[in-house]
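The block underneath contains the structure these notes are about, expressed in structure tokens.
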Amino acid sequence: MIESAVQRQAVLQPKTVLRIGRLSLYLVLAAGAAVVALPFCWMVSTSLMSLGETINRQWLPGTPRWQNYQTAWMEARFAVYFMNSVIITATSLAGLLTTSILAAYAFARLQFAGREIIFFGLLSTMMIPEAMTLLPSFLIIRGDVIPLPGGSWLNTLQGLTVPFMASAFSIFLLRQFFRRLPVELWDAACIDGCGHLRFLTTIVLPLSKAPLLTVSLFGFIASWDSLLWPLLVTTRETWRPLMVGLWSLVTEAGAETHLFMAGATITLLPILVIYFLVQRQFTEGIMTSGLKG
Amino acid sequence: MPSRAFRLPEALGRRLRRREAREQLIGYLFTAPAVAVIALFGLFPLGYAFYMSFFAWRVRQGPFRGLRNYGKALGEPDGVLIFAGAVALLVLAAWMWRRARQTVPERRLLGLLAAVALLVLAITAAVTGWGRMLETGDVKFLNALPVTVYYALGSIPLQLAIALALACVLFQNLRGSAFFRMVFFLPYVMPTVATATVFRSIFSSRDTSMANQFLALFGLEPQQWLAESRPVLEVLFGWQLPDFWGGPSLALASIILFGVWTFVGYNVVIFLAGLGSISGELYEAAELDGANRWDVFRHITFPLLSPVTFYLALIGFIGALKAFNHIFVMRSPLAQGTVNTASMVIFDTFYLANQYGYAAAQVVLLFLMILGVTYAQNRVFGRSVIYD
């Protein structure tokens, strides 16, 4: 009797355990996803409320007020700032990609004296918080330390972009990937009399889509998200980027939660769209080239 | 005949040498732009900050001040010396502990007791020295140290634990795991200024903020969250512990929660990469030996993931030091500086108070601290990491 019960249990157990196990795993994942999603839902929901609704606090607005977005857009002068952010981000990204690709290729493929020392010297800057380099960098841009072409770079595009035109992280990530490309590729190209620059642009880069996307997205986010540096080097409106606009909306609009939630949604949308487009290559880029080595 | 035999390698050698020289040149040319930018805006500033720290420098360079900027930050030398002595004692205690564990049993107990005594002495000296430094130095700057430590200790273990759990679940190859991976990663890629703005309203002190409504679901009293300068332990249990032992303020705890929310996804992805690199044979072998899931996790997964965990802990520590944008957006004057990490304090000295020379001295002190902690972290945890 007991024996048969045990036997029956042993037969039954795996399947039910598996099902219950799987269900609880899904519950864990769903809970995690809910925690991630809730703030975003709160943001969108609040951005569509009237001032009264944000104070009385419902979970959802009575009738969605899309005009909040228009108001936020006007009040935060987003029309100017959005364009500024696009130009600043595009410029720094172009610079970042150029310098990182060239440097990463050299560190991965070329033999030159002092290669390792220079590489690890660059990597060591990843440990340094931005707040520590901020002050001297600001003095450099102001033209106090070394003479700059055109005098002070405050309130200029180059002042906002040049310091971010290289990053040790991007170089590291690309180098990890370039190193794993087979040497035979170069040997084959060598026979055709191909120079390093041509080899890099025609063969290496087309093979490196995932790491290039990863580096680009990180560069894009860093530039789009920058608040500190623009606060320092822009004293006038001309080149103020989006995040400075959002920040002043938050400090000036104060109690008008619905407005700065609309503002936050606006600043977040471009990155959200880009992320959904490239997320697969992106996470794979991080997983494969971010760790090993 | 011999001449011919010689000439060929010579010509070949010359061509090879020329090619090598060319490669050298190209190497330098390719790295030059990146090196120039990083050297100018990443490395040079540290040296320049060191130079600036010896001057009175308010917007423009002023007279030489020697070490007075450092004195202003740290207070009278005696306090600093006592504190430094405490750190030395701590190192000595750790060394004795390790030595004692390796010696013969008869002397082990004695060694361990001596190590513990040294530890107690070190803590006493640290408290005394620190108290003296707080009396005579810059409280605003010195307080950044416990705040940064709270931030690191509060966020790193929490986000590692959550991320490891989620990564293990995702690794089971359930249907839809790619979707969940994408969702978990979302907070990490979103602009911090925007998400911090959202959390600023979630953790606002209004009765109707999301955090307070959540408390209300369980019938709890509304809290001040980001505007609360009292320590968490006092808010939760009414314990009034002195100084450091009180723990982070509720405001800082809210910011820590934001940090965890942001970084869990990144840690999940890196853990997944680590899990993927553990060979399946080990699991099969363990299964044959009749190990259950928990055993497998404890004896295979966790030890083999230790390099990844160590890497993520290091990244988390650097992240705590770098933490800026979200604190800048979420901090409220009502939190009374209990959320100001080292980066924030340096920024305030520089940007709000315009004391450039003094801010530079703070930069140098923070740099020394980073070096010290990184070294210690490598010595202490680097050892227990298992590389295969």
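The values are calculated or read from the model by the stated rules, or taken from the named source; none is laboratory data. Quantities reported herein were computed from a predicted structural model and do not represent experimental measurements. Cβ placement follows ideal geometry from the backbone for every residue including glycine, while neighbour counts extend to all protein chains displayed.
With respect to (1) under 25 Å from B:Leu368 (Cα atoms); (2) in contact with a helix residue (DSSP H, G or I) (Cβ under 8 Å, 6 or more places away or on another chain); (3) basic (Lys, Arg); (4) away from chain A (no Cβ under 14 Å), the lone exception for B:Arg58 is condition (4). Checking each residue of segment B:276-287 against the condition of being in contact with a Leu (Cβ under 6 Å, 6 or more places away or on another chain) and modelled with pLDDT of 80 or more gives at least one match. The set of residues in segment A:26-58 being more than 7 Å from chain B (Cβ to nearest Cβ) and charged (D, E, K, R) consists of A:Glu53 alone. Does B:Asn212 meet the test of being among the polar types (S, T, N, Q), more than 23 Å from B:Arg331 (Cβ to Cβ) and at pLDDT 80 or above? Judged against the criteria, B:Asn212 is not a match. With respect to B:Ala39, is the statement that it is closer than 30 Å to A:His196 by Cα, more than 8 Å from chain A (Cβ to nearest Cβ), under 26 Å from the mean Cα position of the chain (by Cα) and at pLDDT 90 or above true? Yes: the conditions hold for B:Ala39. Of the numbered criteria (1) in a helix (DSSP H, G or I); (2) within 13 Å of chain B (Cβ to nearest Cβ); (3) out of contact with any helix residue (DSSP H, G or I) (no Cβ under 7 Å at 6 or more places or on another chain), the one A:Glu184 fails is (2). For the residues A:Gly159, A:Gly143, the requirement of being more than 9 Å from chain B (Cβ to nearest Cβ) and at positive phi singles out A:Gly143. When residues in segment A:204-234 are screened for being more than 9 Å from chain B (Cβ to nearest Cβ), in a helix (DSSP H, G or I) and either over 19 Å from B:Ser343 (Cβ atoms) or of a type in the set (Phe, Trp, Tyr) (or both), 16 of them pass. Annotation: B:Thr309 fulfils all but one of (1) surrounded by 15 or more Cβ atoms within 10 Å (Cβ to Cβ); (2) outside any helix (DSSP H, G or I); the unmet one is (2). If you go through segment A:142-178 and keep only what is in contact (Cβ under 8 Å) with a residue 24 or more places away in the chain and either assigned to a loop (DSSP other than H, G, I, E, B) or surrounded by fewer than 15 Cβ atoms within 10 Å (Cβ to Cβ) (or both), you end up with A:Trp153, A:Leu154, A:Asn155, A:Thr156, A:Met165, A:Ala166, A:Ser167.
Every listed requirement among (1) farther than 30 Å from B:Phe141 by Cβ; (2) within 13 Å of chain A (Cβ to nearest Cβ); (3) not β-branched (Val, Ile, Thr) is met by B:Ala100 save one, (2). Within the bounds of segment A:238-252, is there any residue that is of a type in the set (A, V, I, L, M, F, W, C), surrounded by fewer than 19 Cβ atoms within 10 Å (Cβ to Cβ) and in the same structural domain as A:Ser152 (by TED's automatic domain parsing)? No: zero hits.
Does B:Gly265 satisfy the condition of being buried (at least 20 other Cβ atoms within 10 Å of the Cβ), among the small types (Gly, Ala, Ser) and in contact with a Pro (Cβ under 7 Å, 6 or more places away or on another chain)? Yes.
Scan B:Gly319, B:Gly357 and give me the residue that is touching a residue at least 60 places away in the same chain (Cβ under 8 Å), within 25 Å of B:Pro63 (Cβ to Cβ) and assigned by TED's automatic domain parsing to the domain that holds B:Ile255. Residue meeting the stated conditions: B:Gly357. Screening B:Arg206 with (1) of a type in the set (D, E, K, R); (2) modelled with pLDDT under 85; (3) buried (at least 23 other Cβ atoms within 10 Å of the Cβ) gives one miss only, at (3). A:Ala255 satisfies every condition listed in (1) within 11 Å of chain B (Cβ to nearest Cβ); (2) buried (at least 19 other Cβ atoms within 10 Å of the Cβ) except (2). Among the residues of segment B:101-118, at least one is of a type in the set (Lys, Arg), closer than 21 Å to B:Arg379 by Cα and outside the structural domain of B:Asn378 (by TED's automatic domain parsing). Of the candidates A:Phe138, A:Phe112, A:Phe107, the single residue that is within 10 Å of chain B (Cβ to nearest Cβ), in a loop (DSSP other than H, G, I, E, B) and more than 30 Å from A:Ala255 (Cα to Cα) is A:Phe112.
Cβ separations smaller than 9 Å between residues 6+ apart or across chains give the following pairs from segment A:19-33 residues that are among the hydroxyl-bearing types (Ser, Thr, Tyr) to residues that are at pLDDT 90 or above: A:Tyr26/B:Val169.
Looking across segment A:235-265, the residues that are polar (S, T, N, Q) and part of a helix (DSSP H, G or I) come down to A:Ser248, A:Thr251, A:Thr257, A:Thr265. Restricted to segment A:131-153, and to residues that are within 25 Å of the chain's Cα centre (by Cα) and among the hydrophobic types (A, V, I, L, M, F, W, C), which residue is farthest from A:Asn84 (Cα to Cα)? Only one residue fits best here, namely A:Met132. Of the residues making up segment A:63-104, those that are within 17 Å of A:Trp239 (Cα to Cα) and of a type in the set (Gly, Ala, Ser) are A:Ala76, A:Ala79, A:Ser85, A:Ala90, A:Ser92. Residues considered: A:Glu75, A:Glu53. Of these, the only one that is of a type in the set (D, E, K, R) and more than 16 Å from A:Gly245 (Cβ to Cβ) is A:Glu53. Residues considered: B:Arg58, B:Arg65, B:Arg132. Of these, the only one that is closer than 30 Å to B:Leu352 by Cβ, touching a residue at least 60 places away in the same chain (Cβ under 8 Å) and either surrounded by 15 or more Cβ atoms within 10 Å (Cβ to Cβ) or in the same structural domain as B:Trp245 (by TED's automatic domain parsing) (or both) is B:Arg65.
Residue-by-condition table, conditions (1) of a type in the set (Val, Ile, Thr); (2) touching a Leu at 6+ places or on another chain (Cβ under 6 Å):
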| position | (1), (2) |
| --- | --- |
| A:Lys209 | no, no |
| A:Thr214 | yes, no |
| A:Phe218 | no, no |
| A:Ala222 | no, no |
| A:Leu228 | no, no |
| A:Val233 | yes, yes |
| A:Arg236 | no, no |
| A:Arg240 | no, no |
| A:Val250 | yes, no |
